[in-house]
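Shown next, in structure tokens, is the structure this report addresses.
The values are calculated or read from the model by the stated rules, or taken from the named source; none is laboratory data. Because the structure is a prediction, the values reported are computed rather than measured. Note: ideal-geometry Cβ built from the backbone for every residue, glycine included; neighbour counts use all protein chains shown.
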Amino acid sequence: MRFFKNIVTLLAVFSLAFLSGTSLVQAKDTLKIGSFLAVTGPASFLGDPELKTLQMYIEEINAKGGINGHKIEFVHYDTKGKAKEAKNFVNRLIKKDKVDVIIGGTTSGNSLAVIDIVEKAKVPFISLAGSIKIVEPVKKWVFKTPHTDKMAAEKIFADMKKRGIKKAALITGNGGFDKSGRAQCLALAPKYGIEIVADEKYGNADTDMTTQLTKIRATDAQAIINFGFGKAPAIVAKNIKQLGIKLPVYESHGVASKKFIELAGDAANGIRLPAAALIVADQLPADDPQKKVLLAYKKKYEAKYGPVSTFGGHAYDALFITVEAVKRAGTIDRAKIRDEIEKTHGFVGTGGIFNMSPTDHLGLNLDAFKMIEIQNGNWKLLY
Amino acid sequence: MKRLAGFAIFAAVCLLLPVIFPDNYYVTVVGLTIFLNITLAVSLNLLMGYAGQISLGHAAFFGLGAYSSAILTIKYGLNPWLAMILGAVLVICLSYVLSRPILRLKGHYLAMATLGLGIIVHIFFVQADELTGGPDGITGLPTLSLFGVAIDSDIKWYFVLCSYMLLSVLFSLNIADSRAGRALSAVHGSEIAAQMMGIDTAKVKSHIFVFSALMAALAGSLFAHQQDFVSPESFSFFFSIELVTMVVLGGLGSTFGAVLGAFILSILPEVLIVFEDFEVLVFGLILMVIMIFLPEGLFVSLKNRAAMMLSKRGIGS
């Protein structure tokens, strides 16, 4: 009887050890990544590739066993591009889903709307929107991966200076991206010795911009800058061609998707724009450190969904900056992840090489932008 | 007091919910949106349900209240309560001036005029960058405090917004049963007949228009402080339509109908999120089914049916 008792005890101890052992392996908490993107609505061409990119890579990471054993749980809501929804969903992500990291905020308006919530709740947030106001002034918990409108304006002006252009006309829409870009252009032009001789505006839903362009034609502008995204810039490009205006045209990085060339057709040829290297990945020199990352992303994305756009690339960068940060932190503690995101150094992403610091929560310099010209309906890398 | 028994039960439920579920997301976070929407729907119902005057621009007054608070506190450093009062005064003046010409119109023309008003105000919010911050909106409003207590948490906001909502419901219920309310329903029935009875219809309509706008403006100020963020799209034409839908869904002319309509339209999207891509479809389907089978609105139809069943039973026994 005694022997029997011993056996039972032994079995119990073993099974306990076994159970706790397995639970130790599985017990590594899942990393909850929350996301709010404009997957439908007017900014869907930004949000849709972002969501697909996140889903695709999170699936891959989980299939490989997670980050240091932490599986990723992904929670996503569609804001339809509305700031009010963005606010509601971020509240939901933080208070109901209790996520560890937030990646999202497709448009600047959506991102700016939620900053005070994430700051208050102390959740690391990597924004996928353009405006420089998101990270300037620096907020403790807020980071971003896309290039800023300020960088785009500087890149355009630098190119103009090279071509000897001294007077430029500005035409922008009424969206957040347009307005922020316009402000940056107006502020930066004097620094490059360029005079803005016209400052025309249109509504993003307008279907004809010839009135504004006729006014520009009457000035002595040597080039036209159009800051915008969506279908409006394509209409601007078409109208410029219809009016027979022969001036060089600059677009912003907001049109760096094949959709723009499709919409503008012939009128797109000759237009220059600053954009991330992704759309010209195969034209990069072989020794470019970004080339490998870009081609890998492009191949994977295109195999599953079709043509890449730089916007999905921003989501890729945000996700892997987070993944690297969690790896270095060795825990999913929010504060430690935040500290490690801030220490991101030499991270080669699709948008460029990121070097963040306590004073720079973006970490890209002007080299991250390439100057691109549209030739024969395709992107051509200039420099 | 029997008249207000329903209200007392409603108030008790609203005030007890956060005590029972202090940490529930649907109570302390979604609840805030619901209360604001209820207030707005109730104020719109005064105009649409009682007086029979359609408005497709109600979000404009809500927005004017919100922007007044945001601009006056941030750019001019005014006390939040003072800013709220100034915003209310602005809306009173504006709505009074507008009410006379606008409310002379009827039917489709009135709908168009109020629609125009909503769109003009929205364009102003988007285009007057220097003042309104343009499409990016304004953030950084000071914290509101009441009797020295800073309203800085969801639960405190719950009680503030709940109180304001209950006040507006009580006000609306009282109006319905007053001389003014009877004048309004007379106007709703037939303006000419109302005039024959000695009612100054223009005055009655313009007063209710101003009241309704004022309630929306105050809700807007509270909304701005609670969200700590205002941007034009919160006050777009679509939001006006949503408010009209709330009132119609619940049942025109019934205060609790507006309450129920606002509650359903606010909570549905949160619940339907599980359907992901089909969310919008299911949402539309539910609205359609309600309007087909209960054309007088959810609350009114159900109430009538309940009354009918009760009276039948009374005859039977």
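Select, from B:Phe293, B:Phe237, B:Phe278, B:Phe299, the only residue that is over 30 Å from B:Met84 (Cβ atoms) and in contact with a Gly (Cβ under 6 Å, 6 or more places away or on another chain).
Of B:Phe293, B:Phe237, B:Phe278, B:Phe299, the one residue that is over 30 Å from B:Met84 (Cβ atoms) and in contact with a Gly (Cβ under 6 Å, 6 or more places away or on another chain) is B:Phe299.
Quick check on A:Gly265: is it closer than 27 Å to A:Met209 by Cβ and either crowded, with 16+ Cβ neighbours inside 10 Å or among the small types (Gly, Ala, Ser) (or both)?
yes
Any residue at all in the range A:176-188 that is part of a loop (DSSP other than H, G, I, E, B) and out of contact with any Pro (no Cβ under 7 Å at 6 or more places or on another chain)?
no
For the range B:119-155, give me the residue count where each residue is in a helix (DSSP H, G or I), more than 9 Å from chain A (Cβ to nearest Cβ) and surrounded by 19 or more Cβ atoms within 10 Å (Cβ to Cβ).
4
Which condition does B:Ser55 not pass, out of (1) more than 22 Å from B:Gly250 (Cα to Cα); (2) outside any helix (DSSP H, G or I), if it passes all the others?
Just one mismatch for B:Ser55, condition (1).
Show the residue pairs that are 6+ apart or on different chains and have beta-carbon atoms under 8 Å apart, the first residue being within the range A:287-303 and closer than 24 Å to A:Asp48 by Cα, the second being surrounded by fewer than 16 Cβ atoms within 10 Å (Cβ to Cβ) and among the acidic types (Asp, Glu).
The qualifying pairs are A:Leu295/A:Asp282.
Taking into account only those residues within the range B:1-25 that are touching a residue at least 60 places away in the same chain (Cβ under 8 Å) and hydrophobic (A, V, I, L, M, F, W, C), which is farthest from B:Ser254 (Cα to Cα)?
B:Leu15
So in the range B:216-232, with the set limited to residues that are out of contact with any Phe, Trp or Tyr (no Cβ under 8 Å at 6 or more places or on another chain) and not small (Gly, Ala, Ser), which one is surrounded by the fewest Cβ atoms within 10 Å (Cβ to Cβ)?
Per the stated criteria, the residue is B:Asp228.
Specify which of the listed residues (B:Leu243, B:Leu249, B:Leu272) is of a type outside the set (Phe, Trp, Tyr), touching a helix residue (DSSP H, G or I) at 6+ places or on another chain (Cβ under 8 Å) and surrounded by fewer than 24 Cβ atoms within 10 Å (Cβ to Cβ).
Values: B:Leu243 fails: surrounded by fewer than 24 Cβ atoms within 10 Å (Cβ to Cβ); B:Leu249 fails: surrounded by fewer than 24 Cβ atoms within 10 Å (Cβ to Cβ).
Going through B:Leu243, B:Leu249, B:Leu272 in turn, the sole match is B:Leu272.
Being at pLDDT 85 or above, outside any helix (DSSP H, G or I), farther than 26 Å from B:Ile74 by Cα and out of contact with any His (no Cβ under 6 Å at 6 or more places or on another chain) narrows it down to one of B:Gly181, B:Gly198, B:Gly116, so name that one.
Working: B:Gly181 fails: outside any helix (DSSP H, G or I); B:Gly116 fails: outside any helix (DSSP H, G or I).
B:Gly198 is the lone residue from the list that is at pLDDT 85 or above, outside any helix (DSSP H, G or I), farther than 26 Å from B:Ile74 by Cα and out of contact with any His (no Cβ under 6 Å at 6 or more places or on another chain).
Can you name the residue in the range A:100-153 that is acidic (Asp, Glu) and out of contact with any Phe, Trp or Tyr (no Cβ under 8 Å at 6 or more places or on another chain) and is also nearest to the other protein chains (Cβ to nearest Cβ) among such residues?
If we take residues in the range A:100-153 being acidic (Asp, Glu) and out of contact with any Phe, Trp or Tyr (no Cβ under 8 Å at 6 or more places or on another chain), then A:Glu136 is nearest to the other protein chains (Cβ to nearest Cβ).
Conditions tested, residue by residue: (1) more than 23 Å from A:Pro42 (Cα to Cα); (2) polar (S, T, N, Q); (3) under 16 Å from the mean Cα position of the chain (by Cα).
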position	(1), (2), (3)
A:Lys82	no, no, no
A:Asn88	no, yes, no
A:Asp97	yes, no, no
A:Gly104	no, no, yes
A:Glu119	yes, no, no
